[in-house]
Amino acid sequence: MRKITLLCVGNLKEKYLKDAFSEYQKRISKFFDFSVIEIAEVKLNKNNEAEIQSVIEKESLKLLEKVKGQKVIVLDVNGESVTSPQFAKLIEAESNFNELLFIIGGSYGFNEKIKKLGKNISFSKMTFPHQLMRVIFSEQLYRAGTILNNIEYHK
């Protein structure tokens, strides 16, 4: 079974997000060996550009420490837009790698070092809270599993 890991900043705080993510985790387990690695969010002390850049750098460094040779795919609003079938094909195309690592940044994103780790994809040009993006990602990963296994799933 293909191993897929989601590396993300912060944890899910809201019950409704936890419940939705948990449901998709169960569904995903039919198709993939799926795990999540969370790194702690860095708190913003002052809302100014220098402090925001400091948060981005600190969180990016923590993310980089978790990358251990996996094939990396970065979820970035400025990445290449993909449809659900294209996302499934991307997962299928990377089948020669033992593990795919998807990265979701924190509230302020991540630095260029993260973006250079691998392919950058976007599920939408809209901005989503990173906690909600985790749920959206899990639904799309489940959908990819159904597409790759020719299982009908609502459209």
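Laboratory data are not the source of any read-out in this text; all were calculated from the coordinates shown. As the structure is a computational prediction, the values presented were derived from the model and not from experiment. Note that each Cβ is placed from the backbone with ideal geometry, even for glycine, and that neighbours are counted across all protein chains shown.
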Scan of the range 1-23 for residues that are under 14 Å from the mean Cα position of the chain (by Cα) and either of a type in the set (Asp, Glu) or crowded, with 18+ Cβ neighbours inside 10 Å (or both), ordered by number: Ile4, Thr5, Leu6, Leu7, Cys8, Val9, Gly10, Leu12, Phe21
Evaluate the range 76-94: report whether one residue or more is under 11 Å from the mean Cα position of the chain (by Cα) and on the phi < 0 side of the Ramachandran plot. yes
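A quick yes/no check of all residues on (1) crowded, with 18+ Cβ neighbours inside 10 Å; (2) farther than 23 Å from Ile28 by Cα:
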position: Asn98; (1), (2): no, no
position: Leu101; (1), (2): yes, no
position: Gly109; (1), (2): yes, yes
position: Ile114; (1), (2): yes, yes
position: Asn120; (1), (2): yes, no
position: Thr127; (1), (2): no, yes
position: His130; (1), (2): yes, no
position: Met133; (1), (2): yes, no
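Among the residues of the range 124-137, is there at least one that is part of a helix (DSSP H, G or I) and closer than 19 Å to Lys71 by Cβ?
Yes - at least one qualifying residue is present in the range 124-137.
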Leading residue by the ranking (nearest to Ile103 (Cα to Cα)) among those in the range 41-60 that are exposed (fewer than 15 other Cβ atoms within 10 Å of the Cβ) and of a type in the set (S, T, N, Q): Gln53
Between a first residue in the range 25-36 that is on the phi < 0 side of the Ramachandran plot and buried (at least 17 other Cβ atoms within 10 Å of the Cβ) and a second residue that is of a type in the set (Phe, Trp, Tyr) and assigned to a strand (DSSP E or B), which pairs have beta carbons less than 9 Å apart while being 6 or more apart in sequence or on different chains? Ile28/Phe34
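Is it true that Ser22 is more than 22 Å from Tyr108 (Cα to Cα), in contact with a Ser or Thr (Cβ under 8 Å, 6 or more places away or on another chain) and of a type in the set (Gly, Ala, Ser)?
On the way: more than 22 Å from Tyr108 (Cα to Cα): yes; in contact with a Ser or Thr (Cβ under 8 Å, 6 or more places away or on another chain): no; of a type in the set (Gly, Ala, Ser): yes.
For Ser22, the condition - more than 22 Å from Tyr108 (Cα to Cα), in contact with a Ser or Thr (Cβ under 8 Å, 6 or more places away or on another chain) and of a type in the set (Gly, Ala, Ser) - is not met.
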Note down all Cβ pairs under 7 Å where the first residue falls in the range 120-145 and is more than 16 Å from Glu14 (Cβ to Cβ), the second is among the hydroxyl-bearing types (Ser, Thr, Tyr) and in a loop (DSSP other than H, G, I, E, B), and they're at least six residues apart or on different chains. Arg143/Tyr153
The listed residue being in contact with a Cys (Cβ under 7 Å, 6 or more places away or on another chain) and of a type in the set (A, V, I, L, M, F, W, C), out of Ile39, Ile121, Ile104: Ile104
